[in-house]
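First the structure, in the form of structure tokens, and then the observations on it.
The values are calculated or read from the model by the stated rules, or taken from the named source; none is laboratory data. What you see is a predicted model, and the numbers here were worked out from it, not measured in a lab. Note that each Cβ is placed from the backbone with ideal geometry, even for glycine, and that neighbours are counted across all protein chains shown. Heavy atoms of the whole protein, side chains included, go into the accessibility calculation; ligands, DNA and RNA do not. Shrake-Rupley method; radii C 1.70, N 1.55, O 1.52, S 1.80 Å.
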Amino acid sequence: MIEAPASCLSLPFTMSLTETPFTIAIPDSELQFLKQSLELTRFPDELEDARREYGAPLADIQRLTKHWKEEYLPKWREHEAKLNEDLPQFTRDIEIEGHGVLNIHYVHKKSTVVDAIPLLFVHGWPGSFLEVRKLLPLLVAASPDHPSFHVVAVGLPGYGFSDAPKKKGFATAQYAELGNKLMISLGYHRIVTQGGDWGYLITRTIAQNYGPKHSKAWHTNMPLCEPPHPIRRPLILLSYLIFGLSAKEKEGLARAANFQEKGDGYFKEQSTQPQTLGYSLADSPVGLLAWIYEKLVNWTDEYPWTEDEVLTWISIYWFSKAGPAASVRIYYEITQSQPNALITNCATPIPVGHSHFPREIASFPRGWLKSSNLVFSGEHEKGGHFAAYEQPEALANDVRKMFSKGSPAFGVVPGKTGY
Amino acid sequence: MSTDSEASFTINIAQGEIEFLRKKLELTRLPDEITDAGRDYGVPLTDIRRLLARWKDGYDWKKHEAILNAELPQFTRKVAVDGFDELDIHYVHKKSKIKDALPLLFVHGWPGSFIEVRKILPLLTAPSDEYPSFHVVTFSLPGYGFSSNPTKRGFGMDQYAEVGHKLMLALGYHEYVTQGGDWGFYILRRQASLYGGTHNKAWHTNFPRALPDVEPPSSLPNPYDGLTEVERNGLGRTKWFRSEGRGYAIEQGTQPQTLGYSLADSPVGLLGWIYEKLVNWSDEYPWEEDEGLFLSVFTSRYMANFSVPTVLTWVSIYWFSRAGPTASLRIYYERMHEGSSPEETHIPMGYSYFPKELWRVPSRWLQAPNLVFESEHTEGGHFAAHEKPELLVGDLRTMFGKGGPAFGVVPGKTGYNAEVRHPPS
């Protein structure tokens, strides 16, 4: 439901609160083209005893492809309508220094609580604005028992229905600039943020570059800063002895080591040859499906994906404004300009909150993540990398707790306590 | 052991397959590109557009198939491999006119194929009094070209070596020498340790990937002293490759099936994936003008202006391969899960160094008691047999020729006519 904008009396008169609504409306020609591509799919074979160990299983991919062709795509307009109903969307031109103007797609929903806390939600890869779908109603919900939020979920450049950068060098600082400028353009001069995956790095950078003036506090479900430098296997083993780790912490480190050994091929390719990979992802719907689906399974906590959920997720990539190849360039830009960006340069000048989900790709001993501005840390028994999608209530509860009455971060945005 | 079940083979891709490829090419959806990307982000879009346009319209597979069939005498044969189902192995076999020519097995890698033998074949088999001649065998690795592929996991270096070895025995070559690069290096190194001495008499590689890391052997004093410029450049390139150039290998070694859906389904995706390596790994080889650079079997001269768009033929072999392109990736997974450890061989060994190879460390780091031949070149890259056939064959002729360090290594098969005296044994 689209809410009317709040009173603009408190805003600088130069800001425009006029929003340009957006509805997803994929042209028939695109649907027809996808149908033809799917019909021409050529599948590989598979080793007899491959299981999940060589990559996404053939039976899964064939089943999903069949469903896509025969059920999902013919009913695309229903799925599209539901997306538009669940997610109030807009577009806006944002100028980024050195990169010109990009047209940015975003979700924006205000709470009925006038003084709700403005919150920017930032996704990663292979996510999108879609990841806010279940979290959105929870965060905007009004209650005397917990704070509420006005939520903006930005579609990162190169994802969903946002423009992609055209020039080289659109990296962490630029994504942060974008998020901050988007919020300011909506009249949200003081904000809090929530993010995971690249969203973690981007919101951390917003905190560093625009906090405490604009960003007042940040929350992440993928806290990675900062491991003893540099993180290597012998160090991991040593840390088992020195730090007296809990079972959960050991498991988190084991997952991190496993990721480095078996799970980061996509990262290495995307950060060195994104265009080469991009030819495949742009041209083959099944190739794109498998590339992303493997992560949807490997990175979640046995989330019971329905075929429709998977295909909606993939369709946003397939139908994206810039095409799927654009989405992987972020790996190149960030890794080439800032090696080890995720685990270095950790300090932020504002309060931070962490949520730990057991099947996150990597999680580190809590002792490594402590800082004087860590005001909240939540532990969970269930959930993985896509926390907002897998465990929306748990994540929403954590964010509410972080900002609730009596918490260190309560009232961090002056006049917007959430109540 | 295989039965005497050799069948003559000609490549004959069905019209339906060719039509299907054409339909897919027509439906290609290309990505955009960052402005001024150059080669930094991967294969440039202009290159792909150009190759795609040619592939769709102007490239006649049947013509190139006929050329391959005319140049390369091909066969198939059943080969049993311990612990796996019998494989149907596609191979090229050409004998020299010289009866006592030296039997040589050539082994390709990825993204190569049996096609990599096409320029060296006429050179190796050419009869002469000046240099030794070879009977040449090369096969499509299981999962490549027109060989079948294993259906179970665990088909690793031992198994690839077993196939090559058994093929040579089946052809009557109980004693033989080998040459290879890329996977050919790993496979032939294993083959030398499994069958060396009794059967495999010597081996040569243009990819001496003999150290586990870019680190000198710990026993070597002052390993960085007195490096030549070529060695310094080589080390730099090797370090670049290790840190920036291995994304494909890590994906192929961990999630080959995931990647494989793309490569099986998208001809332009497959083209980009392979072409990037053809360019990045070679020494500025003019792939798209790869015209006039193959030796006519009839005239023994390189034919000029003979339009052979090698890139498209190279990639089409993957597209039309018997097992499909995905099967070719699994060797990376199996090797990664085999675990690597230093492997020594004890038969005479030769190394050829080409400056744009992906692995080049100072020669002193590679010394081994059985390293009897080394040769340094000033041009050429990873695909030595294709880029610099005369240089590679020249090295083999020197290594195995009269006066060379491995002359007469196969008794009775010196590579020369019978009048040549055998060296004192």
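Go through the residues of segment A:341-350 one by one and say whether even a single one is small (Gly, Ala, Ser), part of a loop (DSSP other than H, G, I, E, B), closer than 30 Å to A:GLU269 by Cβ and touching a helix residue (DSSP H, G or I) at 6+ places or on another chain (Cβ under 8 Å).
no
Give the residue that is nearest to A:GLY406 (Cα to Cα), with candidates limited to residues of segment A:147-182 that are outside any helix (DSSP H, G or I) and polar (S, T, N, Q).
Filtering first and then ranking leaves A:SER148.
Got at least one residue in segment B:29-40 being in a helix (DSSP H, G or I), of a type in the set (Asp, Glu) and open to solvent by 30 Å² or more (accessible area, probe 1.4 Å)?
Scanning segment B:29-40 turns up no residue that is in a helix (DSSP H, G or I), of a type in the set (Asp, Glu) and open to solvent by 30 Å² or more (accessible area, probe 1.4 Å).
Filter the helices (runs of 4 or more DSSP H) completely within segment A:271-324 down to those with at least 2 residues that are crowded, with 20+ Cβ neighbours inside 10 Å and within 7 Å of chain B (Cβ to nearest Cβ).
A:274-283, A:285-298
Name every residue in segment B:170-203 that is of a type in the set (D, E, K, R) and over 22 Å from B:SER133 (Cα atoms), in order of residue number.
B:ASP182, B:ARG189, B:ARG190
Of all the residues that make up segment A:351-386, how many are open to solvent by 20 Å² or more (accessible area, probe 1.4 Å) and more than 15 Å from A:ASP197 (Cβ to Cβ)?
So the count comes out to 17.
Among (1) at pLDDT 95 or above; (2) crowded, with 18+ Cβ neighbours inside 10 Å, where does B:HIS64 come up short?
If we test B:HIS64 against (1) at pLDDT 95 or above; (2) crowded, with 18+ Cβ neighbours inside 10 Å, just (1) comes out false.
Being within 8 Å of chain A (Cβ to nearest Cβ) and among the aromatic types (Phe, Trp, Tyr) narrows it down to one residue among B:TYR261, B:TYR275; which is it?
It is B:TYR261.
Only one of B:SER321, B:SER352 is in contact (Cβ under 8 Å) with a residue 12 or more places away in the chain, within 14 Å of chain A (Cβ to nearest Cβ) and buried (at least 21 other Cβ atoms within 10 Å of the Cβ); which?
The match here is B:SER321.
Return a yes/no flag: does segment B:113-125 have any residue that is modelled with pLDDT of 95 or more, in contact with a strand residue (DSSP E or B) (Cβ under 9 Å, 6 or more places away or on another chain), open to solvent by 10 Å² or more (accessible area, probe 1.4 Å) and among the charged types (D, E, K, R).
yes
So which residues in segment B:40-92 are acidic (Asp, Glu) and away from chain A (no Cβ under 14 Å)?
B:ASP57, B:ASP60, B:GLU65, B:GLU71, B:ASP82, B:GLU86, B:ASP88, listed by residue number.
Output the number of the condition that A:GLN338 fails; it satisfies all remaining conditions of (1) facing chain B (nearest Cβ under 9 Å); (2) over 17 Å from the mean Cα position of the chain (by Cα); (3) open to solvent by 10 Å² or more (accessible area, probe 1.4 Å).
Among (1) facing chain B (nearest Cβ under 9 Å); (2) over 17 Å from the mean Cα position of the chain (by Cα); (3) open to solvent by 10 Å² or more (accessible area, probe 1.4 Å), A:GLN338 violates only (1).
Does segment B:218-227 include one or more residues that are in contact with a Ser or Thr (Cβ under 6 Å, 6 or more places away or on another chain) and of a type in the set (D, E, K, R)?
No, segment B:218-227 contains no residue that is in contact with a Ser or Thr (Cβ under 6 Å, 6 or more places away or on another chain) and of a type in the set (D, E, K, R).
To keep it simple, each residue is scored yes or no on (1) open to solvent by 10 Å² or more (accessible area, probe 1.4 Å); (2) part of a loop (DSSP other than H, G, I, E, B); (3) basic (Lys, Arg).
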residue: B:GLY145; (1), (2), (3): no, yes, no
residue: B:SER148; (1), (2), (3): yes, yes, no
residue: B:ASP158; (1), (2), (3): yes, no, no
residue: B:GLY164; (1), (2), (3): no, no, no
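What is the number of the single condition among (1) touching a residue at least 60 places away in the same chain (Cβ under 8 Å); (2) open to solvent by 10 Å² or more (accessible area, probe 1.4 Å); (3) more than 14 Å from every other protein chain (Cβ to nearest Cβ); (4) of a type in the set (Lys, Arg) that A:LYS167 does not meet?
(3)
If I go through segment B:62-83 residue by residue, how many of them are under 22 Å from the mean Cα position of the chain (by Cα) and within 15 Å of B:THR310 (Cβ to Cβ)?
Residues flagged as under 22 Å from the mean Cα position of the chain (by Cα) and within 15 Å of B:THR310 (Cβ to Cβ) within segment B:62-83 amount to 6.
Go through segment B:217-251 and give me each residue that's farther than 19 Å from B:PRO355 by Cα, away from chain A (no Cβ under 14 Å) and touching a residue at least 24 places away in the same chain (Cβ under 8 Å).
B:PRO217, B:LEU220, B:PRO223
Scan segment A:101-132 for residues that are aromatic (Phe, Trp, Tyr) and assigned to a loop (DSSP other than H, G, I, E, B) and report the count.
1
Find the residue count for segment A:74-100, including only residues that are open to solvent by less than 20 Å² (accessible area, probe 1.4 Å) and either within 14 Å of another protein chain (Cβ to nearest Cβ) or part of a helix (DSSP H, G or I) (or both).
Within segment A:74-100, residues that are open to solvent by less than 20 Å² (accessible area, probe 1.4 Å) and either within 14 Å of another protein chain (Cβ to nearest Cβ) or part of a helix (DSSP H, G or I) (or both) number 3.
What are the residues in segment A:44-68 that are open to solvent by less than 70 Å² (accessible area, probe 1.4 Å) and within 30 Å of the chain's Cα centre (by Cα), if any?
Passing the criteria: A:TYR54, A:GLY55, A:ALA56, A:PRO57, A:LEU58, A:ALA59, A:ASP60, A:ILE61, A:LEU64, A:THR65, A:HIS67, A:TRP68.
Among the residues of segment B:90-100, are any in contact with a helix residue (DSSP H, G or I) (Cβ under 8 Å, 6 or more places away or on another chain), farther than 16 Å from B:GLN74 by Cβ and crowded, with 22+ Cβ neighbours inside 10 Å?
no
Take A:GLU294 and decide whether it is out of contact with any strand residue (DSSP E or B) (no Cβ under 6 Å at 6 or more places or on another chain) and in contact (Cβ under 8 Å) with a residue 12 or more places away in the chain.
Yes.
Filter segment B:388-401 for residues that are acidic (Asp, Glu) and either within 12 Å of B:PHE373 (Cα to Cα) or modelled with pLDDT under 95 (or both) and give the result.
Of everything in segment B:388-401, just one residue is acidic (Asp, Glu) and either within 12 Å of B:PHE373 (Cα to Cα) or modelled with pLDDT under 95 (or both), namely B:ASP395.
If you check A:ILE330 against the conditions, is it within 13 Å of another protein chain (Cβ to nearest Cβ), open to solvent by less than 10 Å² (accessible area, probe 1.4 Å) and under 17 Å from the mean Cα position of the chain (by Cα)?
In short, yes.
Can you find a residue that is among the polar types (S, T, N, Q), part of a loop (DSSP other than H, G, I, E, B), farther than 23 Å from A:SER315 by Cβ and open to solvent by 10 Å² or more (accessible area, probe 1.4 Å) anywhere in segment A:134-146?
Yes, there is a match, as at least one residue in segment A:134-146 is among the polar types (S, T, N, Q), part of a loop (DSSP other than H, G, I, E, B), farther than 23 Å from A:SER315 by Cβ and open to solvent by 10 Å² or more (accessible area, probe 1.4 Å).
Does segment B:325-343 include one or more residues that are away from every other protein chain (no Cβ under 14 Å), assigned to a loop (DSSP other than H, G, I, E, B) and open to solvent by less than 50 Å² (accessible area, probe 1.4 Å)?
Yes, because at least one residue in segment B:325-343 is away from every other protein chain (no Cβ under 14 Å), assigned to a loop (DSSP other than H, G, I, E, B) and open to solvent by less than 50 Å² (accessible area, probe 1.4 Å).
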